[in-house]
1. How large a share of the accessible area of region 12-110, in percent, is made up of carbon and sulfur atoms when the probe is 1.4 Å and the other protein chains stay in place?
2. Given H placed on each backbone N at 1.01 Å, which residues far from Q329 in sequence or on other chains put an amide H within less than 5 Å of it?
3. Expressed in nm to one decimal, what extension gain is obtained for the pair I343 and T385 from 0.36 nm per residue of sequence separation less their Cα-Cα distance?
4. Can you pull out the trypsin sites (Lys or Arg not before Pro) in region 243-288 that DSSP calls coil and that have at most 16 other Cβ atoms within 10 Å?
5. If I ignore ligands, DNA and RNA and count only protein heavy atoms, how much of Y254 is accessible to a 1.4 Å probe, in Å² to the nearest 10?
6. Return the carbon/sulfur percentage of the accessible area of region 357-455, one whole number, probe 1.4 Å, all protein chains in place.
7. How much area per residue is accessible in region 236-298 when the probe is 1.4 Å and only protein heavy atoms are counted (Å²)?
8. When the chain is fully extended, how far beyond the present Cα-Cα distance does H399 get from R418, taking 0.36 nm per residue of separation?
Amino acid sequence: MILFEKIEPITFKKSDMLHTLVQKKLIHIERLLFVKKRLPVEAPSAEAMLSQVPFAIDSMTFEQWLQFVFLPQMRVLIEKNLPLPNKMGLAPMAEQVWGMDANLNELVEEFQYFDALFLSSQADPDGNGDTSPVEQGLVSDEHGDTSPVEQGLVSDEHGDTPSVEQGLVSDEHGNTSSVAHSSVSDGSGDTLSVEHCSVSDDEVPPKLVILYEDDDIVAIHKPAGLLVHRTYLARKERFFAMQLLRDQVGCHVYPVHRLDRPTSGILLFAKSSEMARQLCEQFECHSIEKHYLAVVRGNMNEAARLDYPLKKELDALGDKNVNASKLAQDAVTDYQPLLNAEIPYASGRYSTSRYALVYLKPLTGRKHQLRRHMAHLRHPIIGDTTHGDGKQNKFFREHFNVNRLWLIAKKLCFDHPRTGERMVLETELDPEWLPLFHGLGWTEEILSQDEGCLI
(Lines give C-alpha, C1' and ligand atoms only; values in the text may rest on other atoms or scores of the structure.)
Protein backbone atom coordinates (compact mmCIF):
# COMPACT_ATOMS: atom_id res chain seq x y z
CA MET A 1 0.00 0.00 0.00
CA ILE A 2 1.51 3.34 -1.06
CA LEU A 3 0.68 6.35 1.09
CA PHE A 4 0.46 9.32 0.10
CA GLU A 5 16.91 26.10 -6.09
CA LYS A 6 20.47 26.90 -5.54
CA ILE A 7 21.84 28.54 -2.35
CA GLU A 8 24.93 30.35 -1.10
CA PRO A 9 27.99 28.25 -0.17
CA ILE A 10 27.71 26.66 3.25
CA THR A 11 29.96 27.87 6.05
CA PHE A 12 30.64 26.22 9.35
CA LYS A 13 30.91 28.09 12.61
CA LYS A 14 33.36 27.03 15.27
CA SER A 15 31.79 24.19 17.25
CA ASP A 16 32.93 22.21 20.27
CA MET A 17 30.74 19.32 19.16
CA LEU A 18 32.28 19.27 15.70
CA HIS A 19 35.80 19.35 17.15
CA THR A 20 34.98 16.35 19.34
CA LEU A 21 33.45 14.35 16.49
CA VAL A 22 36.33 15.17 14.13
CA GLN A 23 38.89 14.25 16.78
CA LYS A 24 37.35 10.81 17.34
CA LYS A 25 37.01 10.16 13.61
CA LEU A 26 40.64 11.15 12.99
CA ILE A 27 41.78 8.63 15.60
CA HIS A 28 39.87 5.89 13.80
CA ILE A 29 41.11 6.94 10.34
CA GLU A 30 44.70 7.07 11.59
CA ARG A 31 44.42 3.57 13.00
CA LEU A 32 42.93 2.23 9.77
CA LEU A 33 45.72 3.76 7.70
CA PHE A 34 48.23 1.77 9.73
CA VAL A 35 46.15 -1.42 9.78
CA LYS A 36 45.72 -1.22 5.98
CA LYS A 37 49.48 -0.60 5.68
CA ARG A 38 49.12 2.76 3.94
CA LEU A 39 51.25 4.29 6.73
CA PRO A 40 53.97 4.84 7.76
CA VAL A 41 55.63 6.24 4.65
CA GLU A 42 58.91 7.98 3.95
CA ALA A 43 58.90 11.67 4.79
CA PRO A 44 58.72 14.02 1.76
CA SER A 45 61.52 16.48 1.08
CA ALA A 46 61.46 20.02 2.41
CA GLU A 47 60.89 21.26 -1.15
CA ALA A 48 57.87 18.97 -1.51
CA MET A 49 56.27 20.58 1.54
CA LEU A 50 56.20 23.91 -0.31
CA SER A 51 53.74 22.67 -2.94
CA GLN A 52 50.90 25.00 -3.85
CA VAL A 53 48.87 22.25 -5.56
CA PRO A 54 45.81 20.75 -3.82
CA PHE A 55 46.81 17.56 -1.97
CA ALA A 56 50.39 18.34 -3.08
CA ILE A 57 49.94 15.77 -5.86
CA ASP A 58 52.80 17.33 -7.83
CA SER A 59 55.39 16.64 -5.13
CA MET A 60 54.30 13.78 -2.86
CA THR A 61 52.06 10.74 -2.68
CA PHE A 62 48.57 10.86 -1.21
CA GLU A 63 49.79 8.79 1.73
CA GLN A 64 52.64 11.25 2.39
CA TRP A 65 50.16 14.13 2.26
CA LEU A 66 47.91 12.35 4.76
CA GLN A 67 50.72 11.60 7.23
CA PHE A 68 52.79 14.77 7.00
CA VAL A 69 50.26 17.43 5.97
CA PHE A 70 46.64 16.59 6.67
CA LEU A 71 46.85 14.74 10.00
CA PRO A 72 49.31 17.17 11.67
CA GLN A 73 47.36 20.20 10.45
CA MET A 74 44.04 18.85 11.71
CA ARG A 75 45.65 17.95 15.03
CA VAL A 76 46.85 21.54 15.46
CA LEU A 77 43.40 22.96 14.70
CA ILE A 78 41.76 20.62 17.21
CA GLU A 79 44.32 20.99 20.01
CA LYS A 80 44.23 24.79 19.77
CA ASN A 81 40.43 24.79 19.32
CA LEU A 82 40.76 26.78 16.09
CA PRO A 83 38.00 26.99 13.44
CA LEU A 84 37.86 23.86 11.30
CA PRO A 85 37.52 23.81 7.50
CA ASN A 86 33.92 24.05 6.30
CA LYS A 87 34.38 21.64 3.41
CA MET A 88 36.44 18.50 2.92
CA GLY A 89 37.11 16.32 -0.11
CA LEU A 90 39.13 13.36 1.10
CA ALA A 91 36.89 10.62 -0.29
CA PRO A 92 37.03 11.74 -3.96
CA MET A 93 40.83 11.97 -3.76
CA ALA A 94 41.05 8.54 -2.12
CA GLU A 95 38.85 7.06 -4.85
CA GLN A 96 41.02 8.65 -7.53
CA VAL A 97 44.24 7.29 -6.00
CA TRP A 98 43.09 3.88 -4.77
CA GLY A 99 40.30 3.13 -7.24
CA MET A 100 38.09 0.17 -6.28
CA ASP A 101 40.74 -1.67 -4.26
CA ALA A 102 38.50 -3.86 -2.07
CA ASN A 103 41.06 -3.84 0.72
CA LEU A 104 40.72 -0.06 1.01
CA ASN A 105 36.93 0.26 0.76
CA GLU A 106 36.62 0.73 4.51
CA LEU A 107 39.10 3.60 4.41
CA VAL A 108 37.26 5.31 1.57
CA GLU A 109 34.00 4.96 3.48
CA GLU A 110 35.59 6.49 6.57
CA PHE A 111 36.74 9.42 4.43
CA GLN A 112 33.18 9.78 3.10
CA TYR A 113 31.85 9.97 6.63
CA PHE A 114 34.63 12.39 7.62
CA ASP A 115 33.72 14.64 4.68
CA ALA A 116 30.09 14.50 5.80
CA LEU A 117 30.94 15.90 9.25
CA PHE A 118 31.69 19.28 7.68
CA LEU A 119 28.18 20.60 7.18
CA SER A 120 25.75 22.91 8.89
CA SER A 121 24.83 22.10 12.47
CA GLN A 122 21.28 21.08 11.58
CA ALA A 123 20.48 17.38 11.81
CA ASP A 124 17.81 15.22 10.25
CA PRO A 125 14.49 15.25 12.18
CA ASP A 126 14.72 11.61 13.14
CA GLY A 127 18.10 11.94 14.70
CA ASN A 128 20.83 12.40 12.10
CA GLY A 129 22.37 15.20 10.09
CA ASP A 130 22.32 15.83 6.37
CA THR A 131 25.58 15.40 4.51
CA SER A 132 27.61 18.47 3.59
CA PRO A 133 28.95 19.41 0.18
CA VAL A 134 32.07 17.42 -0.65
CA GLU A 135 34.18 19.38 -3.10
CA GLN A 136 37.29 17.64 -4.33
CA GLY A 137 40.42 19.37 -3.09
CA LEU A 138 38.61 22.32 -1.52
CA VAL A 139 39.37 23.15 2.10
CA SER A 140 38.38 26.62 3.33
CA ASP A 141 37.96 28.10 6.77
CA GLU A 142 34.83 29.76 8.16
CA HIS A 143 35.81 33.08 6.60
CA GLY A 144 36.03 31.57 3.12
CA ASP A 145 39.81 31.75 2.98
CA THR A 146 41.83 28.87 1.60
CA SER A 147 43.41 26.70 4.26
CA PRO A 148 47.11 25.78 4.04
CA VAL A 149 45.94 22.15 3.89
CA GLU A 150 44.66 22.78 0.37
CA GLN A 151 48.00 24.18 -0.72
CA GLY A 152 50.01 21.38 0.85
CA LEU A 153 51.44 23.68 3.52
CA VAL A 154 51.56 22.73 7.19
CA SER A 155 52.00 25.44 9.80
CA ASP A 156 50.54 26.27 13.17
CA GLU A 157 49.43 29.71 14.32
CA HIS A 158 53.07 30.72 14.87
CA GLY A 159 54.16 29.63 11.40
CA ASP A 160 55.90 26.50 12.64
CA THR A 161 55.48 23.19 10.91
CA PRO A 162 54.27 20.35 13.14
CA SER A 163 55.36 16.83 12.36
CA VAL A 164 54.45 13.24 13.06
CA GLU A 165 57.14 10.67 13.74
CA GLN A 166 57.10 7.97 11.12
CA GLY A 167 54.76 5.23 12.30
CA LEU A 168 53.79 7.13 15.44
CA VAL A 169 51.01 9.49 16.42
CA SER A 170 51.62 12.45 18.73
CA ASP A 171 49.16 13.17 21.52
CA GLU A 172 48.28 16.61 22.88
CA HIS A 173 51.28 16.54 25.21
CA GLY A 174 53.77 15.74 22.47
CA ASN A 175 54.11 12.09 23.45
CA THR A 176 53.98 9.45 20.75
CA SER A 177 52.21 6.14 20.61
CA SER A 178 51.50 3.53 18.00
CA VAL A 179 48.02 3.69 16.54
CA ALA A 180 48.16 0.00 15.74
CA HIS A 181 47.48 -0.82 19.39
CA SER A 182 44.06 -2.11 20.41
CA SER A 183 43.22 1.21 22.07
CA VAL A 184 44.13 4.85 21.55
CA SER A 185 43.69 8.06 23.48
CA ASP A 186 41.09 10.52 22.21
CA GLY A 187 43.19 13.44 23.42
CA SER A 188 41.03 14.12 26.48
CA GLY A 189 42.41 11.41 28.73
CA ASP A 190 39.84 8.78 27.79
CA THR A 191 40.72 5.58 25.99
CA LEU A 192 38.66 4.33 23.08
CA SER A 193 38.66 0.70 22.08
CA VAL A 194 39.41 0.18 18.40
CA GLU A 195 39.58 -3.58 18.18
CA HIS A 196 37.27 -5.36 15.78
CA CYS A 197 34.75 -7.91 16.99
CA SER A 198 34.73 -11.41 15.60
CA VAL A 199 31.59 -12.43 13.75
CA SER A 200 30.49 -15.68 12.25
CA ASP A 201 31.44 -16.14 8.61
CA ASP A 202 28.11 -17.78 7.77
CA GLU A 203 26.09 -14.66 8.64
CA VAL A 204 24.24 -13.62 5.47
CA PRO A 205 24.12 -9.88 4.69
CA PRO A 206 20.62 -8.50 4.05
CA LYS A 207 19.71 -7.50 0.51
CA LEU A 208 18.54 -3.92 0.21
CA VAL A 209 15.42 -2.96 -1.74
CA ILE A 210 16.37 -0.36 -4.37
CA LEU A 211 13.51 2.08 -4.99
CA TYR A 212 15.24 4.14 -7.70
CA GLU A 213 18.61 4.13 -9.42
CA ASP A 214 20.29 5.92 -12.30
CA ASP A 215 23.86 6.97 -13.11
CA ASP A 216 23.88 9.69 -10.45
CA ILE A 217 21.72 8.65 -7.51
CA VAL A 218 20.25 5.60 -5.82
CA ALA A 219 17.48 5.38 -3.21
CA ILE A 220 16.79 2.40 -0.99
CA HIS A 221 14.30 1.28 1.62
CA LYS A 222 16.29 1.06 4.84
CA PRO A 223 14.83 -1.55 7.17
CA ALA A 224 14.40 -0.70 10.84
CA GLY A 225 17.45 -1.70 12.88
CA LEU A 226 20.05 -1.16 10.13
CA LEU A 227 22.71 1.49 10.68
CA VAL A 228 23.47 3.85 7.81
CA HIS A 229 27.26 3.67 8.27
CA ARG A 230 29.94 2.48 10.66
CA THR A 231 30.14 4.23 14.00
CA TYR A 232 32.32 3.85 17.08
CA LEU A 233 29.11 3.52 19.12
CA ALA A 234 28.20 0.22 17.41
CA ARG A 235 31.47 -1.61 16.88
CA LYS A 236 29.80 -5.02 17.17
CA GLU A 237 27.66 -4.45 14.09
CA ARG A 238 28.73 -6.10 10.86
CA PHE A 239 26.30 -4.75 8.24
CA PHE A 240 25.65 -1.14 7.31
CA ALA A 241 23.45 0.38 4.61
CA MET A 242 26.29 2.28 2.92
CA GLN A 243 28.56 -0.75 2.60
CA LEU A 244 25.74 -3.10 1.58
CA LEU A 245 24.59 -0.72 -1.14
CA ARG A 246 28.14 -0.17 -2.40
CA ASP A 247 28.54 -3.91 -2.89
CA GLN A 248 25.10 -4.20 -4.45
CA VAL A 249 25.49 -1.45 -7.08
CA GLY A 250 29.24 -1.88 -7.64
CA CYS A 251 30.46 1.63 -6.85
CA HIS A 252 31.07 3.91 -3.89
CA VAL A 253 28.00 5.74 -2.65
CA TYR A 254 27.65 8.96 -0.66
CA PRO A 255 24.87 9.31 1.94
CA VAL A 256 23.24 12.73 1.63
CA HIS A 257 21.06 12.38 4.72
CA ARG A 258 20.54 9.79 7.42
CA LEU A 259 17.84 7.89 9.26
CA ASP A 260 18.00 6.77 12.85
CA ARG A 261 18.79 3.11 13.28
CA PRO A 262 15.23 2.26 14.47
CA THR A 263 13.56 4.27 11.69
CA SER A 264 12.74 2.58 8.40
CA GLY A 265 12.05 4.11 5.00
CA ILE A 266 13.60 6.01 2.12
CA LEU A 267 17.34 6.68 2.25
CA LEU A 268 19.00 8.58 -0.60
CA PHE A 269 22.60 8.23 -1.80
CA ALA A 270 24.64 9.94 -4.51
CA LYS A 271 27.13 8.11 -6.72
CA SER A 272 29.66 10.94 -6.86
CA SER A 273 30.84 13.76 -4.64
CA GLU A 274 29.50 16.38 -7.06
CA MET A 275 25.99 14.90 -7.03
CA ALA A 276 26.22 14.63 -3.23
CA ARG A 277 27.18 18.30 -2.99
CA GLN A 278 24.18 19.39 -5.05
CA LEU A 279 21.75 17.26 -3.08
CA CYS A 280 23.17 18.51 0.19
CA GLU A 281 22.53 22.08 -0.87
CA GLN A 282 18.86 21.15 -1.24
CA PHE A 283 18.78 19.68 2.25
CA GLU A 284 20.47 22.79 3.62
CA CYS A 285 17.88 25.18 2.13
CA HIS A 286 14.98 22.83 3.02
CA SER A 287 13.77 22.44 -0.56
CA ILE A 288 13.63 18.67 -0.04
CA GLU A 289 10.31 17.46 1.36
CA LYS A 290 10.29 14.57 3.82
CA HIS A 291 7.05 12.78 4.69
CA TYR A 292 6.67 10.32 7.55
CA LEU A 293 4.03 8.05 9.06
CA ALA A 294 3.93 7.20 12.75
CA VAL A 295 1.76 5.33 15.23
CA VAL A 296 1.36 7.37 18.40
CA ARG A 297 -0.22 7.03 21.82
CA GLY A 298 -3.77 8.37 22.18
CA ASN A 299 -6.38 9.56 19.70
CA MET A 300 -5.77 12.75 17.71
CA ASN A 301 -8.47 14.72 15.92
CA GLU A 302 -6.99 17.97 14.60
CA ALA A 303 -4.23 18.75 12.13
CA ALA A 304 -1.90 21.60 13.04
CA ARG A 305 1.62 23.02 12.83
CA LEU A 306 3.81 22.73 15.92
CA ASP A 307 6.38 25.50 16.28
CA TYR A 308 8.34 24.45 19.36
CA PRO A 309 12.08 25.17 19.67
CA LEU A 310 14.31 22.28 20.72
CA LYS A 311 17.59 22.27 22.58
CA LYS A 312 20.38 20.17 21.16
CA GLU A 313 20.41 16.61 22.42
CA LEU A 314 23.93 15.77 23.52
CA ASP A 315 25.58 12.37 23.44
CA ALA A 316 27.25 11.45 26.73
CA LEU A 317 30.50 10.45 24.99
CA GLY A 318 30.64 12.33 21.71
CA ASP A 319 29.29 15.63 23.10
CA LYS A 320 30.80 15.65 26.59
CA ASN A 321 32.65 18.93 25.94
CA VAL A 322 29.69 20.76 24.39
CA ASN A 323 28.04 23.61 26.26
CA ALA A 324 24.68 22.21 27.42
CA SER A 325 23.23 25.66 28.13
CA LYS A 326 22.97 26.77 24.51
CA LEU A 327 19.66 28.30 23.45
CA ALA A 328 16.98 26.14 21.84
CA GLN A 329 16.80 26.12 18.03
CA ASP A 330 13.71 26.71 15.91
CA ALA A 331 11.84 23.48 15.14
CA VAL A 332 8.63 23.23 13.12
CA THR A 333 6.54 20.16 12.26
CA ASP A 334 3.24 19.79 10.41
CA TYR A 335 1.10 16.90 11.61
CA GLN A 336 -2.20 15.42 10.48
CA PRO A 337 -4.14 12.59 12.18
CA LEU A 338 -5.22 9.95 9.67
CA LEU A 339 -6.88 7.20 11.72
CA ASN A 340 -7.80 6.61 15.37
CA ALA A 341 -8.18 3.31 17.21
CA GLU A 342 -9.34 2.08 20.62
CA ILE A 343 -8.76 -1.55 21.59
CA PRO A 344 -10.16 -3.37 24.66
CA TYR A 345 -6.79 -3.97 26.31
CA ALA A 346 -5.35 -2.17 29.31
CA SER A 347 -1.81 -0.85 28.92
CA GLY A 348 -1.81 1.50 31.90
CA ARG A 349 -4.43 2.79 34.33
CA TYR A 350 -7.21 2.71 31.73
CA SER A 351 -9.24 -0.34 30.70
CA THR A 352 -8.73 0.39 26.99
CA SER A 353 -5.82 1.64 24.87
CA ARG A 354 -6.02 4.35 22.23
CA TYR A 355 -3.70 5.00 19.31
CA ALA A 356 -3.51 7.11 16.15
CA LEU A 357 -1.88 6.89 12.74
CA VAL A 358 -0.34 10.29 12.04
CA TYR A 359 1.21 11.93 8.98
CA LEU A 360 4.27 14.06 9.84
CA LYS A 361 6.17 16.59 7.77
CA PRO A 362 9.21 18.25 9.37
CA LEU A 363 9.91 21.78 8.11
CA THR A 364 13.19 22.02 9.99
CA GLY A 365 15.75 19.37 10.83
CA ARG A 366 16.60 19.03 14.49
CA LYS A 367 17.90 15.93 16.21
CA HIS A 368 15.00 13.57 17.01
CA GLN A 369 12.62 16.38 16.01
CA LEU A 370 9.61 14.22 15.19
CA ARG A 371 10.00 12.05 18.25
CA ARG A 372 10.47 15.02 20.57
CA HIS A 373 7.65 17.05 19.06
CA MET A 374 5.15 14.20 19.36
CA ALA A 375 6.25 13.63 22.96
CA HIS A 376 5.69 17.35 23.62
CA LEU A 377 2.12 16.97 22.32
CA ARG A 378 1.64 14.07 24.78
CA HIS A 379 1.31 11.68 21.83
CA PRO A 380 4.73 9.94 21.85
CA ILE A 381 5.60 7.63 18.98
CA ILE A 382 5.17 4.00 19.94
CA GLY A 383 8.48 2.17 20.30
CA ASP A 384 10.48 5.32 21.12
CA THR A 385 12.65 4.17 24.02
CA THR A 386 14.16 7.65 24.54
CA HIS A 387 11.17 10.00 24.47
CA GLY A 388 8.26 7.56 24.51
CA ASP A 389 5.96 5.79 26.97
CA GLY A 390 7.65 2.71 28.44
CA LYS A 391 4.35 1.06 29.40
CA GLN A 392 2.92 1.48 25.91
CA ASN A 393 6.14 0.25 24.32
CA LYS A 394 6.08 -2.86 26.48
CA PHE A 395 2.41 -3.50 25.65
CA PHE A 396 3.12 -3.27 21.91
CA ARG A 397 6.08 -5.63 22.18
CA GLU A 398 4.07 -8.23 24.08
CA HIS A 399 0.66 -7.85 22.40
CA PHE A 400 1.79 -7.48 18.77
CA ASN A 401 5.06 -9.40 19.15
CA VAL A 402 7.03 -6.69 17.31
CA ASN A 403 9.79 -4.58 18.83
CA ARG A 404 10.49 -1.48 16.76
CA LEU A 405 10.00 2.27 16.48
CA TRP A 406 6.74 2.83 14.61
CA LEU A 407 8.09 5.60 12.41
CA ILE A 408 8.73 5.31 8.67
CA ALA A 409 10.16 7.77 6.14
CA LYS A 410 7.41 7.20 3.59
CA LYS A 411 8.02 9.77 0.86
CA LEU A 412 10.87 11.98 -0.36
CA CYS A 413 10.61 14.83 -2.88
CA PHE A 414 13.69 16.55 -4.33
CA ASP A 415 15.16 17.99 -7.53
CA HIS A 416 17.35 15.61 -9.49
CA PRO A 417 20.91 16.97 -9.09
CA ARG A 418 21.71 16.63 -12.81
CA THR A 419 18.44 17.14 -14.70
CA GLY A 420 16.58 19.38 -12.26
CA GLU A 421 13.49 17.18 -12.62
CA ARG A 422 11.32 17.05 -9.51
CA MET A 423 11.59 13.53 -8.13
CA VAL A 424 8.90 11.97 -5.94
CA LEU A 425 9.94 8.68 -4.35
CA GLU A 426 7.63 6.57 -2.21
CA THR A 427 8.11 3.29 -0.43
CA GLU A 428 5.86 0.50 0.75
CA LEU A 429 5.17 -0.05 4.42
CA ASP A 430 7.31 -2.67 6.10
CA PRO A 431 5.54 -6.07 6.33
CA GLU A 432 4.91 -5.71 10.08
CA TRP A 433 2.73 -2.61 9.62
CA LEU A 434 -0.23 -4.39 8.04
CA PRO A 435 -0.76 -6.93 10.87
CA LEU A 436 -0.54 -4.00 13.28
CA PHE A 437 -3.24 -2.14 11.34
CA HIS A 438 -5.43 -5.22 11.49
CA GLY A 439 -4.87 -5.53 15.24
CA LEU A 440 -5.90 -1.90 15.71
CA GLY A 441 -9.08 -2.44 13.67
CA TRP A 442 -7.88 -0.60 10.57
CA THR A 443 -9.05 -3.06 7.94
CA GLU A 444 -8.41 -2.80 4.21
CA GLU A 445 -11.98 -1.55 3.83
CA ILE A 446 -11.39 1.31 6.27
CA LEU A 447 -8.04 2.15 4.72
CA SER A 448 -9.52 2.28 1.23
CA GLN A 449 -12.54 4.44 2.13
CA ASP A 450 -10.73 7.72 1.62
CA GLU A 451 -7.29 7.40 0.05
CA GLY A 452 -7.05 11.16 -0.10
CA CYS A 453 -6.50 11.35 3.65
CA LEU A 454 -3.36 9.25 3.25
CA ILE A 455 -1.47 11.78 1.16
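1. Details: 2000 of 3680 Å².
The nonpolar share, carbon plus sulfur, comes to 54 percent.
2. Correct list: L310, K311, K312.
3. Values: separation 42, 0.36 × 42 = 15.12 nm, distance 2.23 nm.
Working it through step by step, the gained length comes to 12.9 nm.
4. Numbers: sites: R246, R258, K271, R277; in loops: R258, K271.
Passing sites in region 243-288 do not exist.
5. Estimated to the nearest 10 Å², Y254 gives 10 Å².
6. Details: 2130 of 4510 Å².
After summing per-atom areas, the C and S share lands at 47 percent.
7. Values: 1640 Å² over 63 residues.
It amounts to 26 Å² per residue over region 236-298.
8. Values: separation 19, 0.36 × 19 = 6.84 nm, distance 4.78 nm.
Taking H399 through R418 to full extension adds about 2.1 nm, to one decimal.
The values are calculated or read from the model by the stated rules, or taken from the named source; none is laboratory data. Everything numeric here is computed off the predicted structure, so don't read it as measured data. Because the Cβ atoms are built from the backbone with ideal geometry, glycine has one as well, and the counts that use them run over all protein chains shown. Only protein heavy atoms, including side chains, enter the accessible area calculation; ligands, DNA and RNA are left aside. Shrake-Rupley method; radii C 1.70, N 1.55, O 1.52, S 1.80 Å.
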